[in-house]
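Beneath this line is the structure, given in structure tokens, with notes to follow.
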Amino acid sequence: MTANQFSRRTFLGGTAAGAGLLLGGSTLITACSGSTEPPPAAPLTPVNFHLSWFDSVQFGGSYLADANGHYAAQGLDVTLVPGGPGVSPDTSVIAGQSIMGISAANFAGQAKADGAPIKIVGVAMQRNPFVIASLTSNPINEPRDLEGRRLGMAFNNQLDLELLSSLNGVDVNAIEVIQADYDPAPLVNGEVDSLLCWLVDLPVAMTVAGIDNTTMLFADFGYAVHSQTYIVTEDTLANRRDDVLALLRGEILGWQDHKADPDTSAQVTVDRFPDAGMDLETETVKAHEFVKLMFSDVTDASGFLWWTDQSVADNIRVLKALGVNVTEDFWDRSLLEEIYAGGPVL
Amino acid sequence: MAAAPTRPAGGSRLDRVPPRVLSSAVGIAVLLLWELLARTVYAGSYRLSPPTAVVAEFFEFPGLYLRNLWHSTKTAAWGFLWGNLAAMALAVASTLVPCLRRSIGAVVLTVFCLPFIAIAPILRLITGPGNATPIALSALAVVFTTYVAALLGFDLAPGSALDVVRSYGRGRLTAFRNVRVRASVPALFAGLQIAAPAAFLGAVVGEFTGAHRGLGILTVRALGALQTDRIWVIAVMATIVATGGYLAIGALGRYLCPWSPALDVGAVPVPRTEPGLLNRLAGLLAPIAVVFVFWYAFLWVFGIEPFFAKTPVDVWAELFSVSEAPETRSIIFGALGTTLWTTSLGYVVGLVGALASALVFILVPWLERSLMPIAVALRSIPIIVTTPVIILFVGRGLLTTTAIVAVMSFFPTLVNCYTAMTRTPEGILDVLKSYDATSAANVRNAYLPTSVPALLASARIAVPTSLLGATVAEWLATGDGIGAVMVTAFTRNDFKILWVSVAVLTIVAVIAYWLVAAFELRTLERMAPGISR
């Protein structure tokens, strides 16, 4: 089953003769995407866009941009490159393999501080999605509740935990940390009292499994770190600015579609990746949760991916506490300002 | 699977039961126990799925499972092909041009000692998106063991046959074509058997660097979604496929070379070093120089950006001369200490446990007949599949690394030691029998000594595989040690720490390998001069 290795555009664009051979997934995508427009006259510019994790409704807007022809309308043939625990999108962007990648301000900031010539040009999650998840029967409602409790988390979140603790006057040494990653079972089985994870990840799995859980969002306790940030290199900004603008426009249109109809976004995601074994119900819950993380008063006023100067100041302060030193010029809002010249909706 | 030409006489009535019946009985008992535990002690714990639920889950989504299995297997098969071709080409070169042997051997060993989890992202950087990285990783995972096996096979060519070729005035090439290639078949196929699960591990780790499908990705997804049944389906499928591959390669080897008993690559003596201090020094320094040349050449050929690419000079500076060097050293060596401690504990437990089990098997043949097929099957399960299952039971503490390392070194050593014990010369056993020797005396005087070469060789090969298993476990399970340092460095885009960790860990692995190899050589020279070559 190699159907999904072809980009959506290739499939629509000219492989009709071969389409009969490509069973399963691609057929389903076609069925869902509604109208398929004729291939445009001008050849599309191929670009790689490196996502930050495995295929997931976390990138639902991007899949919609592809399925609904927004990328193509911008003249782009976009390959959405999946991420994973063993790959960093920053690396792919810095090496020039992807024109744009999705990272977080702390990871990209480290590369920037070490001399990598990259900039943030869009912020999809202004509220960081880190949470402390706990069972509702034994809830963690504020950072102080962590003291004397057992916390399961991935080892590379240690700095984040220390920061959350110092921001809230919590003694980090009073928290018993146990390595646990990608897996809610330790919490469900009572081996830990809490998990450090993403709001839209393990808590959703527990909810779908019928396990009552409580989440405490880091962003509500001073942890201001931009997440799902769109990064490009300075070289790309200087020499391929139009391609970046086109890709951002396609993204924005796709995410506007996602916001308007998260259920369809979940359906398109599940159908696009039949080999991932995703559960439609779970992905639908996630699709709605992502809307809450990605859209706010700020985006309503100024547009998707927008950020405020205040949030940059907060990020710089928090990143400094994480040992990452960056300045305002790490963020470049000029492309969004150009895109949203006519208003916050495209 | 190793043939057992001689079996010690046993007294138990169970010894008369046909092995197939015994294995099936044990298998059914294990399944029943599994079902029972899952339905009672572990019910509702998201840990152990009963076999019936595993089967039901598979038949609910057969297409999903088969497509992912097919994808990972295909990747592993390509890696298996390319890695083994490269290994054989290198072994041929090492045999035909003996002066190259040490340098080639050093490079191949070094590559094998490189931690997967650190080279995977760097490979991804070179190959870009697509399936090339998983295939390349899978190929890298098999090169060393196949190289060692093929080289051994070529070396095992009977001297008399080589003399015949020489007496006809023919050269090395003819000897190689007519004698060595044929002679290599048993050893080579034993090596290929080990390579099959290794290729699978490489393919699955490769998926973690970004892929749309595959068993590794499905595992991570299932863990996050509380889909315990799914994890068990994956584990069972991988076990069946890996065991099938192992048995099929063994059968092919026996078909191609029916006259020779299957041979285990672990049970292979190391080549003797040339005498003389100068030779030894050259033998040590030349490979190191070659490795450094390769390091620079790699960076240069692929034109890797300076932001990622660190040379030996950079690594040295990072460790010893820059202002943060003391801090770097304390991070790296502190983590290394943890890794070495947990790894060596698991390594020793695995080896001692394997030797003890081999002895039990040789003394209680009905146990061997019922459990050995299971051991062989378990031996071929890729560690990446066992890891989540081990986590389910042992949790995610330091013990997990130890357990995973122990499992990784246990099975190959068990099979090798047991096979060696079955080859104990009948004469020795007859003598002992005539003295009415006890089992303990048999063990002391016959079985233990005959298994020493196999034990030592297994111990040597297990050095890099243990460290590989340890770093994978640290990444996926425990979050301790040098594996965690590498992953943290990588996710935080700290390439200086990443390269320093890779360099330090690789050097430690190579040195540990050499130490075990030196110990092996000395022991063999002392106790069995006839065996060492």
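The values are calculated or read from the model by the stated rules, or taken from the named source; none is laboratory data. Computed from a predicted structure; not experimentally measured. Cβ coordinates were reconstructed from backbone atoms using ideal geometry, including for glycine residues, and neighbour counts include every protein chain displayed. The accessibility values were calculated without ligands, DNA or RNA, using every heavy atom of the protein model including side chains. Shrake-Rupley method; radii C 1.70, N 1.55, O 1.52, S 1.80 Å.
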Completion exercise
For chain A, percent of DSSP beta bridges that are antiparallel (nearest 5) comes out at 55
Exercise for the section: Give me the accessible area of A:TYR182, 1.4 Å probe, in Å² rounded to the nearest 10. Expected result: 60
Completion exercise
Note to self: C-alpha centroids of the range A:186-247 and the range A:82-144 sit apart, in Å, by 8
Fill in the blank from the handout: Of the range A:159-199, those with amide N under 13 Å from the point 7 Å along the Cα→Cβ vector of A:LEU217 are A:199
Problem - Computed label-point distance, nm, for sites B:ASP163 and B:PHE333 using a 7 Å Cα→Cβ extension - result: 5.5
Exercise for the section: Measure off, as a whole percent, the carbon and sulfur share of the 1.4 Å-probe accessible area of the range A:130-221, all protein chains present. Expected result: 44
Fill in the blank from the handout: Taking alpha-carbon centroids only, the range B:29-83 lies from the range B:96-122 a number of Å equal to 34
Completion exercise
Taking GluC sites (Glu not before Pro) in a DSSP loop with at most 16 other Cβ atoms within 10 angstrom as exposed, one finds the longest site-free stretch of chain A at A:192-346
Exercise for the section: Determine one quarter of the surface area of the Cα convex hull of the range A:96-196, which equals its mean projected area, and express it in nm² to one decimal. Expected result: 8.1
Exercise for the section: Could you tell me which of B:SER321, B:LEU345, B:CYS417 has its Cα farthest along the dipole of the range B:314-533 towards the positive end, charges placed at Cβ (Lys, Arg +1; Asp, Glu -1), taken about the Cα centre? Expected result: B:CYS417
Practice task
With +1 on each Lys and Arg Cβ and -1 on each Asp and Glu Cβ, and nothing else charged, work out how big the dipole of chain A is about its Cα centre, in Debye to the nearest 20.
Solution key: 560
Handout entry: chain B pair-distance distribution - Cα-Cα, 10 Å bins, rounded %
Key = 4, 17, 28, 27, 16, 7, 1, 0
Exercise for the section: Please report, in whole Å, how far the alpha carbons of the range B:314-533 spread along each principal axis, starting with the longest. Expected result: 72, 40, 22
Practice task
Express the accessible area of the range B:47-268 per residue in Å², computed with a 1.4 Å probe while the remaining protein chains stay in the model.
Solution key: 36
Completion exercise
On complex formation of A with B, accessible surface lost, both sides summed, probe 1.4 Å, nearest 100 Å², amounts to 4500
Completion exercise
Regression test value, accessible area per residue of the range A:130-221, probe 1.4 Å, units Å², expected 36
Completion exercise
For the protein assembly as shown the translational diffusion coefficient, Stokes-Einstein from a Kirkwood Rh over Cα pairs at 20 °C and viscosity 1.002 mPa s, in µm²/s, is roughly 73
Exercise for the section: State the three equivalent ellipsoid semi-axes of chain A, derived from the C-alpha gyration tensor as the square roots of 5 times its eigenvalues, in descending order and whole Å. Expected result: 34, 25, 17
Fill in the blank from the handout: With x for Gly and Pro, the residue-by-residue ³J(HN,Hα) of the range B:35-47, computed from phi through the Karplus equation 6.51 cos²θ - 1.76 cosθ + 1.60 at θ = phi - 60° and given in whole Hz, is 4, 5, 4, 5, 7, 10, 4, 9, 4, x, 9, 6, 10
Problem - Accessible area (Å², 1.4 Å probe, nearest 10) - B:LEU498 - result: 0
Practice task
Quick one: work out the % antiparallel among DSSP beta bridges in the range A:130-221, nearest 5.
Solution key: 60
Problem - Amide H partners (placed H, <5 Å) of B:ARG170, local residues excluded - result: none
Practice task
On a 0 to 90° scale, report how tilted helix A:280-294 is relative to the longest principal axis of chain A, with both axes built from alpha carbons and the result rounded to the nearest 10.
Solution key: 80
Practice task
Determine the dipole magnitude for chain B: charges of +1 sit on the beta-carbon of Lys and Arg, -1 on that of Asp and Glu, nothing else is charged, the reference point is the Cα centre, and the result goes in debye to the nearest 20.
Solution key: 1100
Exercise for the section: Name the residue farthest towards the positive end of the dipole of the range A:246-308 from the options A:LEU247, A:HIS288, A:GLY277, assuming +1 on Cβ of Lys and Arg, -1 on Cβ of Asp and Glu, about the Cα centre. Expected result: A:LEU247
Handout entry: Convex hull of the range B:47-268 built on C-alpha atoms - directionally averaged projected area, nm²
Key = 14.3
Practice task
Subtracting the Cα-Cα distance from 0.36 nm times the residue separation, let me have the gained length for B:LEU173 to B:MET527 in nm, one decimal.
Solution key: 123.9 nm
Exercise for the section: Among B:GLY224, B:THR75, B:GLY191, flag the residue with its Cα farthest along the positive direction of the charge dipole of the range B:47-268, charges on Cβ as +1 for Lys/Arg and -1 for Asp/Glu. Expected result: B:GLY191
Practice task
Using R₀ = 22 Å, calculate the FRET efficiency as 1/(1 + (r/R₀)^6) where r is the Cβ-Cβ separation of B:LEU299 and B:VAL97; round to 0.05.
Solution key: 0.25
Handout entry: Chain-alone versus full-assembly comparison, the range B:37-75, residues with accessible loss of at least 30 Å² (1.4 Å probe)
Key = B:TYR46, B:ARG47, B:LEU64, B:ARG67
Completion exercise
Rounded to the nearest 10 Å², the accessible area of B:ILE117 using a 1.4 Å probe with every protein chain kept is 10
Practice task
Determine the dipole magnitude for the range A:130-221: charges of +1 sit on the beta-carbon of Lys and Arg, -1 on that of Asp and Glu, nothing else is charged, the reference point is the Cα centre, and the result goes in debye to the nearest 20.
Solution key: 80
Practice task
Would you pull out the residues with amide H under 5 Å of A:VAL225's amide H, same chain only if 5 or more places away, H placed 1.01 Å from N?
Solution key: A:ASN128
